[in-house]
Amino acid sequence: MMLFGKISQQLCGLKKLPWSRDSRYFWGWLNAVFNKVDHDRIRDVGPDRAASEWLLRCGAMVRYHGQQRWQKDYNHLPTGPLDKYKIQAIDATDSCIMSIGFDHMEGLQYVEKIRLCKCHYIEDGCLERLSQLENLQKSMLEMEIISCGNVTDKGIIALHHFRNLKYLFLSDLPRVKEKEKIVQAFKTSLPSLELKLDLK
């Protein structure tokens, strides 16, 4: 387990190298492996532990309820009772999370904040999938989407399903074109939402 964590961290560091066409295929394949869902693992260790393993394997960080410190080292995931550590916040900056891994999020009940920043594999389907998860619809309070080049207006509008969302920050999303339409959609569906836009 420790060796795997070290290898995945080293590979995540290598992803920042310039991409050729061949390397793009390789990293796409490898990242799909990191995102693969193991339903037996979720059943055995619980959704929060399995999701933590997935997120850290892909280069993201998690913070648990009652803790200030971000967990970012796969090899130092906390041990103890499986129901003790509940994910409260996810920071997926520069991570390789992608839609095939989002089944890991299904059982999470306490996630209040998600930050998606420079996530190359995040697209509309990912945001639509997130917004359909009933537990997240109840628990989500804050979301930030920054420099995710594959996200369009369609994916952003889907976030209105997070009925308790209090804060949404959108920045550097070149494929989001209908800024006024988004503002109006959220004013109608989530009137108490604080929406901050830094879009061209």
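Only protein atoms count toward the accessible area here, which uses a 1.4 Å probe; on segment 49-200, the carbon and sulfur part of that area reaches 46 percent. For the peptides 194-200, 89-95, the ranking by mean Cβ contacts within 10 Å, running from highest to lowest, is 89-95, 194-200.
Over 24 Å between Cα atoms, which of 36/196; 36/118; 72/179; 86/138; 84/166 qualify? Correct reply: 36/196; 72/179; 84/166. For segment 73-200, the per residue solvent-accessible surface stands at 48 Å², with DNA, RNA and ligands left out and a 1.4 Å probe. Note that segment 97-112 has calculated 3J(HN,Hα) couplings of 5, 9, 4, 5, x, 6, 4, 4, 7, 4, x, 6, 10, 10, 6, 10 Hz, one per residue in order, obtained from phi through the Karplus relation 6.51 cos²θ - 1.76 cosθ + 1.60 (θ = phi - 60°); glycine and proline are x. Note on segment 50-200: along the principal axes its Cα atoms extend 48, 28, 25 Å, ordered by decreasing extent. Dipole of segment 34-104 computed with +1 at Lys/Arg Cβ and -1 at Asp/Glu Cβ about the Cα centre; of 59, 104, 71, farthest Cα towards the positive end is 71.
The values are calculated or read from the model by the stated rules, or taken from the named source; none is laboratory data. Everything numeric in this text was worked out from a predicted model, so none of it was measured. Here Cβ is always computed from backbone atoms with ideal geometry, including for glycine, and neighbour counts include all displayed protein chains. For the accessible areas, the whole protein counts, side chains as well, though only heavy atoms, and no ligand, DNA or RNA atoms are used. Shrake-Rupley method; radii C 1.70, N 1.55, O 1.52, S 1.80 Å.
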